[in-house]
Every structure is written in structure tokens, then in C-alpha cells.
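Visitor: Would you mind keeping the following structure in view while I ask a few things?
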Amino acid sequence: GAVVSQHPSWVICKSGTSVKIECRSLDFQATTMFWYRQFPKQSLMLMATSNEGSKATYEQGVEKDKFLINHASLTLSTLTVTSAHPEDSSFYICSASLDARGEQFFGPGTRLTVL
Amino acid sequence: DAKTTQPPSMDCAEGRAANLPCNHSTISGNEYVYWYRQIHSQGPQYIIHGLKNNETNEMASLIITEDRKSSTLILPHATLRDTAVYYCIVRVANYGGSQGNLIFGKGTKLSVKP
């Protein structure tokens with residue numbers, strides 16, 4: 001199956017700093033990438049959808065100025081959590097889609113802890 | 001909101017078949033049934049999907065009722081490594097706009113016991 005990686009796998013930062021998370025499709029070109037957030041003992045919630053070369057589409061309630069998404073190439077999307085606060089601590093997961101087949105292939109996730 | 005309902009948890013003995021049910025009574029004609037699973041602290045893993053015919057791959061089998069209002073995911077010989085949360089999702093397969101988004105419900109927590 002298609003492989004998606006994320007970096008870093010975990011990160012601890014101080015309140016007020018910004019954190020960048022990378023999502024890469026390793027063996028295929030992903031026109032569309034998705035970013036999810038998962039709080040403890042809860043399900044995944046879609047944050048935004050990004051298409052290569054265009055602006056991301058954010059779900060209702062997700063602040064686009066706080067969660068900056070860049071999808072500059074067919075193999076890389078980044079999520080930057082700006083001015084992070086403890087309530088942003090969560091498990092962030094990306095996925096990439098093969099349009100022709102329709103499945104989303106997920107990365108391993110990034111655990112963010114904001115102190 | 002998720003368009004599926006699943007039992008919150010199930011147990012299965014190692015080596016036995018695990019049968020995970022899912023109700024999707026409002027499924028539309030152009031929506032597929034997808035199954036993913038999430039092992040603790042990992043990203044979800046695609047398992048299988050189908051439209052109306054039963055499907056089988058190296059991981060599992062998917063049985064969809066004739067009226068398509070429910071389905072069952074079958075793990076034929078469950079192992080301890082199959083312990084995970086299993087998500088049943090209905091989705092338009094030909095992705096275009098928000099219709100193709102995956103909406104995760106709470107899933108079924110499957111515990112495979114020795």
C-alpha cells in the first residue's frame with residue numbers, strides 16, 4: 001500500500017511558540033492531503049483539506065490563521081500550529097489521497113504537547 | 001455527524017473469527033462502505049471497502065446486506081495484533097469536494113484476548 005510519513009512523531013513546545021508538522025507521501029503523488037486532530041479517547045476530526053497548489057479548505061470551527069497549511073508539492077504538506085497553547089495539545093494525523101482509487105492513506109501521527 | 005452506528009466494544013478470542021457489525025440505514029446509492037482501523041497511538045489503516053458486492057482481501061472480508069443498510073467486517077483468524085478501534089464509514093468514492101471526506105464516528109474497540 002501507499003506510504004505516508006509524518007515528522008516529527010512527537011513534539012513538546014512552550015506556550016506561545018509555533019510548531020510545524022510535515023506530511024509526506026513517499027511512493028505516490030498526492031493531489032489531496034487531509035489534516036485531522038484527535039483528542040484523547042475521541043475520534044478523528046477533520047481539520048482541513050488541501051489540494052496541491054491551492055489554498056486549504058478548513059472545516060467549520062477551525063481557525064485558518066492559527067493552523068496554517070501549505071501544500072506546495074504533490075508529496076509534501078505542512079501544518080503549522082501558530083502561537084500554540086495547552087488546549088492545542090493533541091494527536092495530529094495527516095492523510096493523502098490517490099484520486100483514482102479513492103482511499104486515504106494515513107500517516108503515523110504527530111503527538112503535540114504544549115506546556 | 002457519522003452516518004453509521006457501531007457497537008462501542010467487542011471481545012474476540014485469539015484465532016477465532018471477529019465479526020464487526022455496522023448499520024448504515026441512510027446510505028445513498030453512490031456511497032461506498034469503508035473500513036479503517038486504528039491501533040493505539042497510530043494513524044488509521046485502510047482495511048477494505050465495497051459498494052454492494054461482498055469483498056475480500058488479504059486482511060478481511062466485507063459482507064454487505066442486499067439492501068445495503070448494514071455490513072459486517074470479518075477478520076477470519078483474529079490475532080492479538082488486531083486489537084484496535086475499527087471504524088465503518090460511508091463515503092462517495094469518486095472524491096470531489098466535501099462529499100468525499102471521511103467522517104469518523106466512535107468506532108468499535110475490538111479486544112482480541114489470548
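Visitor: Which of the lysines could be linked to A:LYS14 by a straight reach, that is with a Cα gap under 28 Å, when you skip same-chain ones fewer than 8 residues away?
Guide: Filter leaves A:LYS41, A:LYS64, A:LYS66.
Visitor: With +1 on each Lys and Arg Cβ and -1 on each Asp and Glu Cβ, how big is the dipole of chain B about its Cα centre, in debye rounded to the nearest 20?
Guide: 180 debye
Visitor: Can I ask one more? To the nearest whole number, what is the average tally of beta carbon atoms from other chains within 10 Å of the beta carbons of peptide A:33-44? Please report the intermediate quantities before stating the final value.
Guide: Working: counts 0, 3, 0, 4, 0, 5, 0, 0, 1, 2, 10, 10.
Average per residue, whole number: 3.
Visitor: How many percent of all Cα-Cα pairs in chain A sit more than 16 Å apart?
Guide: Details: 3655 of 6555 pairs.
Result for the distance tail: 56 percent.
Visitor: Something else: Taking the Cα centroid of segment B:1-80 and of segment A:52-115, what is the distance between the two, rounded to the nearest whole Å?
Guide: Comparing the Cα centres of segment B:1-80 and segment A:52-115, I get a distance of 26 Å.
Visitor: I'd like the Karplus ³J(HN,Hα) series for segment A:23-32: coefficients 6.51, -1.76, 1.60, θ = phi - 60°, whole numbers in Hz, and an x wherever there's a Gly or Pro.
Guide: The phi angles translate into 10, 10, 8, 8, 10, 7, 9, 9, 5, 10 Hz.
Visitor: Using 1/(1 + (r/R0)^6) with R0 = 25 angstrom and r between the beta carbons of B:HIS77 and B:GLN42, what's the FRET efficiency to the nearest 0.05? Write out the running numbers ahead of the final one.
Guide: Values: r = 22 Å, r/R0 = 0.86.
Given R0 = 25 Å and the Cβ-Cβ separation, E is 0.70.
Visitor: With 10 Å bins from zero, work out the P(r) of segment B:35-91 over every alpha carbon pair and list the percent per bin.
Guide: 23, 55, 21, 2
Visitor: Using only alpha carbons, build the gyration tensor for segment A:54-115 and give me the equivalent ellipsoid semi-axes, biggest first, whole Å. Before the final figure, lay out each step's value.
Guide: On the way: eigenvalues 106, 42, 23 Å².
Listed largest to smallest, the semi-axes of segment A:54-115 are 23, 14, 11 Å.
Visitor: From largest accessible area down, sort A:GLU59, B:GLU58, B:GLU14; use a 1.4 Å probe on the protein chains.
Guide: B:GLU58, B:GLU14, A:GLU59
Visitor: Next up: Please provide three numbers in whole Å: the alpha-carbon extents of segment B:1-57 along the principal axes, with the largest listed first.
Guide: 36, 25, 20
Visitor: Provide the percentage of antiparallel DSSP beta bridges, counting only those with both residues in the protein assembly as shown; round to the nearest 5. Walk me through the numbers on the way to the answer.
Guide: Numbers: 65 of 74 bridges.
Here the antiparallel bridges make up roughly 90 percent for the protein assembly as shown.
Visitor: So between A:LEU68 and A:HIS85, what do we pick up on full extension, going 0.36 nm a residue minus the alpha carbon distance?
Guide: Separation in residues times 0.36 nm, less the Cα-Cα distance, equals 4.6 nm.
Visitor: For the protein assembly as shown, compute Rg over Rh where Rg is the Cα radius of gyration and Rh is the Kirkwood radius from the inverse mean 1/r over Cα pairs.
Guide: 0.97
Visitor: Can you list the cysteines of chain B that have no other Cys Cβ under 4.7 Å away?
Guide: Here B:CYS12 come out as lacking a disulfide-compatible partner, given the Cβ-Cβ threshold of under 4.7 Å.
Visitor: Still on this model: Give the peptides B:105-114, B:65-74, A:41-50 in descending order of average Cβ contacts within 10 Å, highest first. The partial results should precede the final answer.
Guide: Values: B:105-114: 17.1, B:65-74: 15.6, A:41-50: 18.6.
Output ranking for B:105-114, B:65-74, A:41-50: A:41-50, B:105-114, B:65-74.
Visitor: Same structure again: From Cα pairs below 8 angstrom and at least 6 apart in sequence, can you work out the relative contact order of chain A, rounded to a whole percent?
Guide: 37 percent
Visitor: Something else about it: Please give the FRET efficiency for A:SER15 paired with A:ASN51, using the beta carbon to beta carbon distance and R0 = 25 Å, rounded to the nearest 0.05.
Guide: So the FRET efficiency works out to roughly 0.20.
Visitor: Along the three principal axes, how long is chain B when you take its alpha carbons, biggest first, rounded to the nearest angstrom?
Guide: 42, 31, 24
Visitor: Just tell me which lysines come within less than 20 Å, Cα to Cα, of B:LYS113; anything on the same chain fewer than 8 places away is out.
Guide: Qualifying lysines at Cα under 20 Å: none.
The values are calculated or read from the model by the stated rules, or taken from the named source; none is laboratory data. Small disclaimer: the values here were computed from a predicted structure and weren't measured. Positions of Cβ are backbone-derived with ideal geometry, glycine not excepted, and every protein chain shown enters the neighbour counts. Calculation scope for accessible area: heavy atoms of the full protein, side chains included, ligands and nucleic acids excluded. Shrake-Rupley method; radii C 1.70, N 1.55, O 1.52, S 1.80 Å.
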